1. Working out 0.36 nm times the residue gap between LYS337 and LEU143, then minus their Cα-Cα distance, what length gain in nm do you get to one decimal?
2. Can you tell me the relative contact order of the chain? Whole percent, Cα pairs under 8 Å, sequence separation 6 or more.
3. Can you pull the one-decimal nm distance between simple spin-label points at LYS125 and ASP86, each 7 Å off the Cα toward Cβ?
4. Mind giving me the nanometre distance, one decimal, between the label points for LYS24 and ARG364, set 7 Å out from Cα along Cα→Cβ?
5. Could you give me the ³J(HN,Hα) list for the range 181-193, computed from phi with Karplus coefficients 6.51, -1.76, 1.60 and θ = phi - 60°, whole Hz, x at Gly and Pro?
6. Taking H as built 1.01 Å from N, whose amide H comes closer than 5 Å to the amide H of SER221, not counting residues under 5 places away?
7. Mind checking the dipole of the range 66-157: about its Cα centre, +1 per Lys or Arg Cβ, -1 per Asp or Glu Cβ, Debye to the nearest 20?
8. Please report the base-10 log of the normalised intensity I(q)/I(0) for the range 34-77, using a Debye sum with one equal scatterer per alpha carbon and no solvent, at each q in 0.25, 0.34 (1/Å).
Amino acid sequence: MSYILLVNTLSTYNRTTPYIARIKERYLLTAPNSTKQTYHIALDLPTDSLPFTVGDSVAILPQNDPNMVDRILSAMHLSGEEPIFDPKTNAPLSLRSYLLTKANLSKANSRLLSLLNQHPLLEDKERLNSALLSHNVLDFLRLHSTSSLSPQEFANSLLPLMPRFYSIASSSKVFPNEIHLTISFLSYTQQGETRYGVASYFLCQQAALESTPIPLYIQPSNGFCLPSPDDSIILIGPGTGVAPFRAFLQERLADQAKGRNWLFFGERHRASDFYYEPFFTDLARKNFLRLDTAFSRDQAEKIYVQHKLQENGASIWDWLQQGAFLYVCGDATQMAKDVDLTLEHIAAKYGSLSLEDARLYLKRLRKEKRYLLDVY
Ligand SMILES: Cc1cc2nc3c(=O)[nH]c(=O)nc-3n(C[C@H](O)[C@H](O)[C@H](O)COP(=O)(O)OP(=O)(O)OC[C@H]3O[C@@H](n4cnc5c(N)ncnc54)[C@H](O)[C@@H]3O)c2cc1C
């Protein structure tokens, strides 16, 4: 009873009262010649005061790039020391603090444009949407006169900076005082400049090891968790989608789980992009894991995880018939749809079902919580 009370008291971190962690370790999982930069990040925190289950995510409250904040203040001819009230909580703070920690500087909205007297643009919905997609707050401030804008009006006109979620890539049974993350560092070109994803820049580049405060809380998964140790699991996690499956497999090892484990991992190149290769290949060597990989750009024709699923269709059907649980994590726009379609074809072919019945079969698996997705 007292233990439950203690855990409940200690686990009440949330968006308004985050836990403050530090980065203990950070290294690239991709080789220097890779087309991507994906980082392993270990956060230093006592997991007994921040309880989680494998499959949960961490919500990070990122900070904007201080360089971007300086450029915005300079475009507005302000120092940043101007006192304002937080538009949401009414708490007093400086404009600089507000821009650093609370405002979305990547995306402007029509409120700012209206303060900048951009009425013709506001009246043309198509032009407005395209302008909002291709310009950040600084771009608009540079294009239009800001002289009539007070610091408070400016703060009120900005969208809020939202938390970013990252799948937990470690088990507290193996790393009791750490949470591991697998983060793809996002960069893109906008208005002729290289720009970075706010949270991935904050975590992968800006935050100093063991000193920069990282505000966070646990975002529980919606049922994306391990079944009983005797059940078999099929894990489909290309790219950073592999993160929760590293945690699943650490936990299954710690539990000495008897159920079978099968992982499908995919990326561009084996030589530069095989995240956590030693861990997964070692488990495969010990027959704890069946491992199939798809490196899309290592040969002339593109090979993705769904092709590996197709190749192994008969075995997948067999595992499913014996009660295995299916998990998919990673890209929602293309991968999850392609995987779903492939599973439908596998069910139709090896279960001798019509495509419609194969669809119903997958629907039933979902309802029984044996086909679980965590896609983004
Ligand atoms: C449950 C869940 C789990 C997740 N787990 C992980 C994980 O384990 N690892 C991981 O790396 N990510 C994960 N994500 C994604 C993560 O939350 C962030 O969305 C991601 O890191 C990008 O955030 P950011 O702040 O770096 O980029 P943001 O600042 O949010 O930038 C992204 C935005 O940049 C803009 N943008 C991108 N490209 C362009 C372009 N070419 N031109 C103009 N604008 C562009 C778009 O508006 C896009 O929405 C997860 C998401 C969810 C919901």
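1. Working: separation 194, 0.36 × 194 = 69.84 nm, distance 4.05 nm.
Gain on extension, LYS337 to LEU143, equals 65.8 nm.
2. Contact order relative to length: 20 percent.
3. If labels sit at LYS125 and ASP86, their model points lie 3.5 nm apart.
4. 4.6 nm
5. Those phi angles translate into 10, 10, 10, 8, 7, 8, 9, 8, 9, 9, 6, x, 10 Hz.
6. Those qualifying (amide H under 5 Å, at least 5 residues apart or on another chain) are ASP56, SER57.
7. With Lys and Arg at +1 and Asp and Glu at -1, about 180 debye.
8. Taken in order of the listed q values, log10 I(q)/I(0) reads -1.01, -1.19.
The values are calculated or read from the model by the stated rules, or taken from the named source; none is laboratory data. A quick note: this is a predicted structure, and the numbers were derived from the prediction, not measured. Positions of Cβ are generated from backbone atoms using ideal geometry, with glycine treated the same way; all protein chains shown enter the neighbour counts. Areas reflect the complete protein model, heavy atoms only, side chains present, ligands, DNA and RNA absent. Shrake-Rupley method; radii C 1.70, N 1.55, O 1.52, S 1.80 Å.
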